[in-house]
Amino acid sequence: MKHIVESIKETEWGLEIVLKEGVIIDDNSIIPTIKFIIEECLKTNKNKVVVDASKEIRRASIFKLLEVAEAFQYERIKIAFIPPKLADAEQSKALETFSFNRGVQLRYFPDMDTALEWLLK
């Protein structure tokens, strides 16, 4: 999975993960990507993560987004995604709803400041 990640930075409050420019997140790559993020959180003992996905291309189906919510369901991780062009997209809102219904703290944001404000509450 390292081939999709530009950088991982451990902070005092959690992890900052930046995805590489042009990375395509589709039905084949979304679950392995999410599992990688979960593993990084567990490995570093951090439960808050911000993912800068501003340069990614998302082509995942709504059904795979449901699997994403289920993957985080028991992990107690608070996650903020930053895909400025997709923050208000229908699929992003669906994933937020799927996540909320499973007790997962997952939200989409248009910028880092807004994401960190929510993440650090």
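Some values worked out for this structure:
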| read-out | value |
| --- | --- |
| Alpha-carbon gyration tensor eigenvalues x 5, square-rooted, for region 32-121, Å | 18, 16, 13 |
| Mean separation of Cα contacts under 8 Å (6+ apart) over length of the chain, as relative contact order % | 24 |
| Gain on full stretching of the segment that runs from Phe100 to Leu42 - 0.36 nm per residue minus C-alpha separation | 18.8 nm |
| Around Asn47: net Lys/Arg minus Asp/Glu count, Cβ-Cβ under 11 Å | +3 |
| For peptides 44-53, 62-71, 21-30, sequence by mean Cβ density within 10 Å, most packed first | 44-53, 62-71, 21-30 |
| DSSP bridge orientation in the chain - percent antiparallel, rounded to nearest 5 | 25 |
| Local electrostatic count at Glu117 - Lys and Arg +1, Asp and Glu -1, tallied over other residues with Cβ under 13 Å | +2 |
| Ordering of 32-38, 10-16 by packing [mean C-beta count within 10 Å, highest first] | 32-38, 10-16 |
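Values quoted throughout were computed directly from the atomic coordinates according to the rules given, and no laboratory measurement underlies them. Only a predicted model underlies this, so the values are computations on that prediction, with no experimental measurement involved. Note: ideal-geometry Cβ built from the backbone for every residue, glycine included; neighbour counts use all protein chains shown.
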